[in-house]
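The values are calculated or read from the model by the stated rules, or taken from the named source; none is laboratory data. Model, not experiment: these values are computed from the prediction. Cβ placement follows ideal geometry from the backbone for every residue including glycine, while neighbour counts extend to all protein chains displayed. Keep in mind that these areas ignore ligands, DNA and RNA; they rest on the heavy atoms of the full protein, side chains included. Shrake-Rupley method; radii C 1.70, N 1.55, O 1.52, S 1.80 Å.
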Amino acid sequence: MISTASCLQIDPPPGLAPPGLAPPGLAPPGLARTVLFRTAEDARLSEPTLEGRPVDWGSEVGQRLAQLLVPSTEQTNFSIAHEVAHLRHWDFLYRPLLAPLTLLLGYHTATFVPKYVFPRRKTAGFALLFALTLVVYAQLSSSIGRWQEHRADRTAALCRHSYCLGGIESMKRRMLLDSMFRKPPSKFSFQNFVASLSTHPSLDERLKRLEDLLIPSADAE
C-alpha cells in the first residue's frame with residue numbers, strides 16, 4: 001500500500017458537469033482519446049472543437065482545457081511505467097496466440113460436432129457453433145485485456161508513490177476530458193456495446209483501484 005496525506009483534486013471548469021462514467025475506447029471529434037501534448041501551444045495548434053465550435057483558448061474553459069491536455073511529470077512517469085509493465089509481463093503475446101488458437105478450436109468443433117449432434121443440419125450447426133466461438137473469443141480477449149491493464153496499473157503505481165499519484169491524476173484528467181468532449185451514450189447504445197467488448201477497463205474502475213492503493217497518513221487524520 002502507498003501512503004499519502006491527500007488525494008489529488010481535479011475540478012471541472014465552471015459550467016461543465018463533473019466527469020461521469022464514460023465508456024473506454026471512444027474518441028471525440030477531431031481529437032484521439034488518449035492524445036496529449038508537450039506544450040499548451042501544441043494543444044492550440046491541434047485546433048480541437050468543443051460542442052462543434054473552435055475552442056476559445058483565452059476563456060477560462062479554454063485555459064483549463066490546455067492545462068488538461070499537457071501531462072504532468074507524474075502522469076508521464078506513470079504512463080511509461082505502465083507500458084514497461086506490459087513488456088515485463090509479456091502481455092503483447094496473448095493476442096497473437098489467443099486469436100488463432102480460439103478460432104482453430106472453434107473451427108474444428110464446428111466442423112465435427114454437427115456430424116453427430118445436427119446430422120441433418122450440418123451447415124446450420126457449423127454456423128451456430130462458429131458464431132459462438134467468435135463470442136467466446138471476444139469475451140476472452142476483453143477479460144484478459146482488462147486484467148492485464150489493471151495489473152500494469154498496479155505494477156506502475158507500486159514503483160513509486162509519485163507514480164501512483166500520477167496514475168490517479170491521469171485517470172481524473174481523462175474523465176474530465178471525456179465530460180468536456182462527449183455526451184453520455186444512452187444505456188442501450190452501440191457505443192456501450194463496443195465499450196463492453198473493450199480490452200481496457202473503464203476509467204472510473206481504474207481510478208478506484210489506484211485510489212485503493214493509497215492509505216491516509218497520520219497527517220491526514
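In the P(r) worked out for region 51-123, what percent of Cα pairs fall beyond 20 Å? The share of Cα pairs beyond 20 Å in region 51-123 comes to 67 percent. A crude spin-label estimate for the pair Glu60 and Asp212, with each label 7 Å from Cα along the Cβ direction, gives 3.7 nm. The fraction of accessible area contributed by carbon and sulfur in region 44-160 is 64 percent, rounded to a whole number (1.4 Å probe; ligands and nucleic acids excluded).
Counting only other residues whose beta carbon sits under 12 Å from that of Glu149, what net charge do I get with K and R as +1, D and E as -1?
Working: positive: Arg146, Arg151, Arg154, Arg206, Arg209; negative: Glu83, Asp91, Asp153, Glu205.
Summing Lys and Arg as +1 and Asp and Glu as -1 gives +1.
On the beta carbon distance between Lys115 and Arg151, with R0 = 35 Å, the FRET formula returns roughly 0.25.
Residues whose amide H lies under 5 Å from that of Leu50, counting only those 5 or more places away or on a different chain, are Val55; hydrogens are built 1.01 Å from N in the peptide plane. Amide H contacts under 5 Å for Leu214: Ile2, restricted to partners 5 or more places along the chain or on a different chain, H placed in the peptide plane at 1.01 Å from N. The modelled label-to-label distance for the pair Phe92/Glu47, using points 7 Å beyond Cα in the direction of Cβ, is 3.5 nm.
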